[in-house]
1. Looking at region 273-291 only, could you name the residues that are in contact with a helix residue (DSSP H, G or I) (Cβ under 9 Å, 6 or more places away or on another chain) and surrounded by fewer than 19 Cβ atoms within 10 Å (Cβ to Cβ)?
2. Regarding VAL264, is this residue among the aliphatic types (A, V, I, L, M), touching a Ser or Thr at 6+ places or on another chain (Cβ under 9 Å) and surrounded by fewer than 18 Cβ atoms within 10 Å (Cβ to Cβ)?
3. Name every residue in region 236-252 that is open to solvent by less than 60 Å² (accessible area, probe 1.4 Å) and touching a residue at least 40 places away in the same chain (Cβ under 8 Å), in order of residue number.
4. Where residues in region 239-260 are assigned to a loop (DSSP other than H, G, I, E, B) and of a type in the set (Lys, Arg), which of them is nearest to THR276 (Cα to Cα)?
5. Which residues, taken from region 169-212, are surrounded by fewer than 17 Cβ atoms within 10 Å (Cβ to Cβ), closer than 21 Å to LEU301 by Cα and modelled with pLDDT of 90 or more?
6. What number goes with the only condition from (1) at pLDDT 95 or above; (2) farther than 18 Å from PRO119 by Cα; (3) surrounded by fewer than 22 Cβ atoms within 10 Å (Cβ to Cβ) that TYR227 does not pass?
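The values are calculated or read from the model by the stated rules, or taken from the named source; none is laboratory data. Just so it is clear, the structure is predicted and the values come from calculations on it, not from any experiment. Positions of Cβ are generated from backbone atoms using ideal geometry, with glycine treated the same way; all protein chains shown enter the neighbour counts. The protein model used for the area step is the full one, side chains on, heavy atoms only, and it has no ligands, DNA or RNA in it. Shrake-Rupley method; radii C 1.70, N 1.55, O 1.52, S 1.80 Å.
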Amino acid sequence: MSTRSDAAARVDRRLRWLVVGFGLLLAGCGGAAAAMNPGQGTPDAPAPPASAPAVAAAGASEVLSADTVVSPIAEFINGPGDDLTTLREIHEGTARCMQNLGWDYTAPDVTTLDHEKPPSTLGALRVWTTSYGYGITTQPDQGTTIRAAIDAQEAYQEQLDPEAQARYQADLYGPDGSDEGAPIGADRPGCAAQAEHDAYADVPAANGALLDVLAHELGEIWASDEYRAALDEWRSCMQERGFDFTGPGEAKQSVLDRFTAGGVNELRDYERRVATADLTCAESTLLPVTIPLETAAVGQLVVQFPQYAAAANHQ
């Protein structure tokens, strides 16, 4: 039988894993997708294959409006709504299922997590970046109400007798327990798994075949002459601002690399400066290239997976 701490760890992971955004889901697409920079939708380009296909794109001189979606691909794979909407559906569905089985179970309030992920439109992202940089070191803990819900659920389990605790765990996670390695949205027993399965029914990120195709589409984008030229321009722009990085991924990683050096205020200031420069440079170099390329890639995905047309149309 699971211990109290084991149960708490599982609940905490299920509460928080979606909040980091769908960059982690893209990592499941393969090596190319793993390089995606979730905040701005741009990767560090891998070395091109010998015969990389060229993809037409708009010129970098295009002026982007404030309501421009920064990464059409990231927006698409979320499905209708955003990842916080999906997280809320998962926990509310879990609560309904457990309550129907006779347990005292209350869905945690995830609204406090609302600002933890970068917004999807350029104007909002500019404002967000000024305050939070990449959101790595700059945000206060917003998990107080969520932690309270977890603690209350643990206390409820603790007062059950051992047999009832075992039934509670089986109803919540299935007879074989929670499988953290299971595919996203997999159809498995247990209220938590079924709620996740239902919440992801219309979300492209839960479709492994689509993610495989997406990895190929991303590889073509990043190997294109248009993208590689834009990345060179981004590097020059960043150098003018005092930063020497090979790509946006390295810029973000530089914040993580400084965790053990200096004080927290200095680190936060550094993060904001790097992220602001990153976004400013991307606006005039990378984004005018990647946005139309990503839009075309989403169109190709919808042709192959028409069941997700709604996810494309909600953008």
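1. THR276, THR280, SER284
2. yes
3. Once the filter is applied, which keeps residues that are open to solvent by less than 60 Å² (accessible area, probe 1.4 Å) and touching a residue at least 40 places away in the same chain (Cβ under 8 Å), region 236-252 yields CYS237, MET238, GLY247, PRO248, GLY249, LYS252.
4. Kept after step one, since they are assigned to a loop (DSSP other than H, G, I, E, B), are these residues of region 239-260: 241-247, 258-260.
With the extra rule that they be of a type in the set (Lys, Arg), the set shrinks to 241, 258.
Working: ARG241: 10, ARG258: 17 Å.
Per the stated criteria, the residue is ARG241.
5. Of everything in region 169-212, those that are surrounded by fewer than 17 Cβ atoms within 10 Å (Cβ to Cβ), closer than 21 Å to LEU301 by Cα and modelled with pLDDT of 90 or more turn out to be ALA209, ASP212.
6. (3)
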